[in-house]
Amino acid sequence: MFPPPPPPAEIRSVDELDVWWTLAIAGRESEYDCLAGIIEGESRWRAQALGDGGASIGLAQRHMPTHGAPPRPWMVPDQTRWFMDYADRRYGDLCAAWRAWQQKRWW
């Protein structure tokens, strides 16, 4: 296996770098911009962000009544892997999830 390419220069935080490396390790770094768009809109890159009156948590806002509470602490790579699996099952991939997110205009 070849090492992944270096992360994009626009990455500004450790959490963004963790997300990028998690995608790169899975061979999916090309989907970074799609996932970054969702994360920016859902949590503004706050790994412990709460939404829906406390019913959703994390970068991509895992809805706890539907998907169960995540382990504590819920590390950024774990959040990324969870959302990758969720997006793949529901939408096909992260960029399809981003297109669906944009259509719903949740920002």
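The values are calculated or read from the model by the stated rules, or taken from the named source; none is laboratory data. Only a predicted model underlies this, so the values are computations on that prediction, with no experimental measurement involved. For neighbour counting, all protein chains shown are included, and Cβ atoms are generated from backbone atoms with ideal geometry for every residue, glycine included. Areas reflect the complete protein model, heavy atoms only, side chains present, ligands, DNA and RNA absent. Shrake-Rupley method; radii C 1.70, N 1.55, O 1.52, S 1.80 Å.
A few points about this structure:
- Once region 80-92 is narrowed to residues that are touching a helix residue (DSSP H, G or I) at 6+ places or on another chain (Cβ under 9 Å) and more than 15 Å from Thr22 (Cβ to Cβ), the residue that is surrounded by the fewest Cβ atoms within 10 Å (Cβ to Cβ) is Arg90.
- Qualifying positions in region 67-79 - without any contact (Cβ under 8 Å) to a residue 24 or more places away in the chain and either buried (at least 19 other Cβ atoms within 10 Å of the Cβ) or assigned to a helix (DSSP H, G or I) (or both): His67, Asp78
- Of all residues in region 1-37, those satisfying the criterion of being small (Gly, Ala, Ser) and assigned to a helix (DSSP H, G or I) are Ala24, Ser30, Ala36, Gly37.
- Failed criterion for Pro70 (all others in (1) within 14 Å of Glu42 (Cβ to Cβ); (2) touching a Lys or Arg at 6+ places or on another chain (Cβ under 8 Å) hold): (1)
- Taken over region 38-66, the criterion of being in a helix (DSSP H, G or I), surrounded by 12 or more Cβ atoms within 10 Å (Cβ to Cβ) and free of Cβ contacts under 8 Å to residues at least 60 places away in the same chain is satisfied by Ile39, Glu40, Ser43, Met64.
- Selection of region 1-32 for residues being without any contact (Cβ under 8 Å) to a residue 24 or more places away in the chain and within 10 Å of the chain's Cα centre (by Cα) yields only Trp20.
- Selection status of Glu10, within 18 Å of Ala96 (Cα to Cα), at pLDDT below 95 and either out of contact with any His (no Cβ under 9 Å at 6 or more places or on another chain) or open to solvent by 20 Å² or more (accessible area, probe 1.4 Å) (or both): no
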